[in-house]
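Shown next, in C-alpha cells, is the structure this report addresses.
The values are calculated or read from the model by the stated rules, or taken from the named source; none is laboratory data. Just so it is clear, the structure is predicted and the values come from calculations on it, not from any experiment. Quick reminder, even Gly has a Cβ in these numbers, built from the backbone with ideal geometry, and neighbours come from all protein chains shown.
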Amino acid sequence: MSQATFILIGIAYYIFTIVSIVFVLNAINKKDKKKYQKEISELEREKNLIISASIMSELNKVEPLVNNEEMKDVYSEWQKRFQELKEKEVPKITDQLLGIEELFQEKNYKELKSKLAQVELDIYYIKTKSNYLLEEIREITLSEERNRETITKLKSHYREILNKYQTEKNNYKIISGPLDLQFENVDKLFSAFELSMEKNAYQEVGKIVKAIDDVIGNLELIIEEAPGIIAMGKVLIPKKMKEINLIYEKMKKDGYNLDFLNLPYNITESNKKITDIFQRLNVLNIEDSTFELRTMTDYFDSLYNDFDKERISRKIFDDYQRSILMKVTKLMKVNSKLIHKLDDIKYSYDLTDEDVAIIDIIKRELEEIRIRYDEVVEMHRTHRYSFSHLAKEMELLNVRLTRTEEKLETALRTLGSLKEDELRAREQLDEIKGILNKAKDLMKSYKLPIIPQKYFVELSEATEAIANMVKELEKTPISIKILNTRVDTARDLVLKLYNTTKEIMKTAKMAETAIVYGNRYRPLNNEVDFGLTKAENAFLKGNFKLSLENAIAAINILEPGIHKRLMEEYGE
C-alpha cells in the first residue's frame, strides 16, 4: 500500500471522528434543550396556579359576614395580602421567567440551571403563602357549618351524660353540688355559642366550641369514674384497712414480728391520700385518682398473702428448729466416735493424715452449723425478725447440714469399706486357693506322658501371687490399696492357670482320640501311617497341639471333615 493511500485513510478517520463528535454534541444539546424547555413550562404552570379562583371565591363569601369591627379588620387584612400576592409576588416571578427564557434562547445553560432552581424555590414560597391565606379564609367561611355540626354532636353527647347523672344521682351525692354547677356552665356555654354565631364572632366561636368539648370530656370522665372512686375510697379500702389492722394486731399478740410491713405508717399515708383524692374530686379533678386507689387496693390485698406467708414460715421455722437440732447433735456424736477410733483405723489400714482429713473438716462444719443455729434461735427469742426471715435462715442451715451429712456418710462408707475389703480379701483367698487346687486336680486326673512347661510357669506365678496375698494379709497395718492389687493379681493368675490346664487336657484328649481313631487307616495308606506316627511322637513329647494337627491332617486324607466331627464331639 502506497504512502498516498495511508494519508487518505488517515484523513478519512479524522473526518469521521469530527463528524461523530459533532453528532454526539448535537444530541446532548438537543436533550438538554428538551429538558430545560420542560422545566420552564412546568414553572410557568406552577406560577399560574398561585392565584387560584378559590381565594376570590372564599373572599366573596366572607364579605356578607362582615358585621363588626373585628371581622372588618380581618377582611381588610386578607384583601391586602391577596393584592400583594397578585400585584407584587406573581409579577416578580413573571419577570424571572422572562429572564430564564432569554438565557434559554441564548443557550446559556450554566446560568440557566441556577436561575431555574431559584425560581422554583420562590414559587414554592409564594404558593405556601397563598395556601395559608386560603386556609385562614376557609376557617371563617366553613366555620358555621363545621361548628354547627360539632355542637350538634356535643349536645347529643351531653344529653347522654346528663341523663346518666340524673338516673343514677344517688351514686354522686357527695359531689352533686359541683356537678350541678358544671352542668349549668355547659348550658351557659351553649348559649354563648349561639350568641357568638349570631354576631358572626367566628374567632370567639372556636374558643367556645373547644371549651364545651373540654368540659363535656371532663364531665364524661367524672360520670364514668366517680362511682368507682367513691366506692373504693369510702367503702372498700376503709373496710380492708380495718380487717387487715385486726389481723395485724392479733398476729402481733401471737408473737409474729410484722414490723417489716410498716403497716401503721402505710395506713396513715393511705388515709391522707384518700382525703386528698376526695378534696380533688370535690372540684371535679379525678386525675390519677382511680390509679392511686387501685394501687392501694392491690397493696392491701397483697398483705393477706404476706400474713399467710408469715404463718407458713412460722411452721417451717418450728419444724426446722427441732429437726436441725436433733440432726446436728446426732451427727456430732457420730463424728466424735469416729474421731476417737481414727488413730486405730489409720494404724490398721496404713492411712495418712491426708486420707482422713475430711473428718476434721466435717467436725468444723458441724460446729459452725451449731453456732449459727444458736444465733438464729436467739434472733427468734428477741422477736426482732420476721418468721419469713428466720425460716429462710433455717432453710440455708438445713442445706448446709444436708451437705455435711452426705460428706459424713461418704466418709463412713469409705472407712467401713476398709474392713469389708479385708474380710472380702480373706474370703477371696479361699476361693483362689480352691481354683488353684482344681487346676492341680484336673492335671492329675489324666495321665499325660509329659506335662508342658507352660503349665509349670503359670503354676509358679499363681503360687507366688497367692503367697504375696497371704503375706499382705498378715501385715500390721494392712495397706488396703496394696492388698486389693494383690487380690486382683492372684485371682487373674490362678484363673489363667486354670484355663491353661483345661486347654492342655482338652487338646491332649482330642489328640489321643484322633490317633486311636486313625489307627484303622494305617494299613490302607502309607501317608496316613506316617502322619499318625508323627502325631504319636509329638504326643509323647508333650506337644499336644502339634500332635492333634498331624493326626487330623493324616486322617483327613481318607476321611475329609474329621476335624469338624472331632470338634463337635468335644463340644466346640
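Which of the residues belonging to the range 239-291 are more than 30 Å from M379 (Cα to Cα) and among the basic types (K, R)?
Residues satisfying the conditions are K239, K240, K242, K272, K273, R280.
Do we find a residue being aliphatic (A, V, I, L, M), under 60 Å from the mean Cα position of the chain (by Cα), more than 22 Å from A554 (Cα to Cα) and buried (at least 17 other Cβ atoms within 10 Å of the Cβ) anywhere in the range 489-501?
yes
Identify, please: which residue in the range 232-282 is of a type in the set (G, A, S) and buried (at least 18 other Cβ atoms within 10 Å of the Cβ) and is, among those, farthest from R314 (Cα to Cα)? Reasoning before the result, please.
Filtering the range 232-282 for residues of a type in the set (G, A, S) gives 233, 255, 270.
Filter again for buried (at least 18 other Cβ atoms within 10 Å of the Cβ), leaving 233, 270.
Working: G233: 34, S270: 29 Å.
In this case the residue turns out to be G233.
Which of the numbered conditions does H383 fail, given that it passes all the others? Conditions: (1) closer than 30 Å to G255 by Cα; (2) modelled with pLDDT of 85 or more.
Just one mismatch for H383, condition (2).
Report yes if L263 is in contact (Cβ under 8 Å) with a residue 24 or more places away in the chain and over 30 Å from V215 (Cα atoms), otherwise no.
In short, yes.
If you check D288, D276, D259, which single one turns out to be at pLDDT 90 or above and either in contact with a strand residue (DSSP E or B) (Cβ under 9 Å, 6 or more places away or on another chain) or not hydrophobic (A, V, I, L, M, F, W, C) (or both)?
D276
Looking at (1) in contact with a Leu (Cβ under 8 Å, 6 or more places away or on another chain); (2) without any contact (Cβ under 8 Å) to a residue 24 or more places away in the chain; (3) of a type in the set (V, I, T), which is the one condition that is false for I244?
Unmet for I244, out of (1) in contact with a Leu (Cβ under 8 Å, 6 or more places away or on another chain); (2) without any contact (Cβ under 8 Å) to a residue 24 or more places away in the chain; (3) of a type in the set (V, I, T): (2).
Taking the residues in the range 193-231 that are of a type in the set (S, T, N, Q) and at pLDDT below 85 as candidates, determine which candidate is surrounded by the fewest Cβ atoms within 10 Å (Cβ to Cβ).
Per the stated criteria, the residue is Q203.
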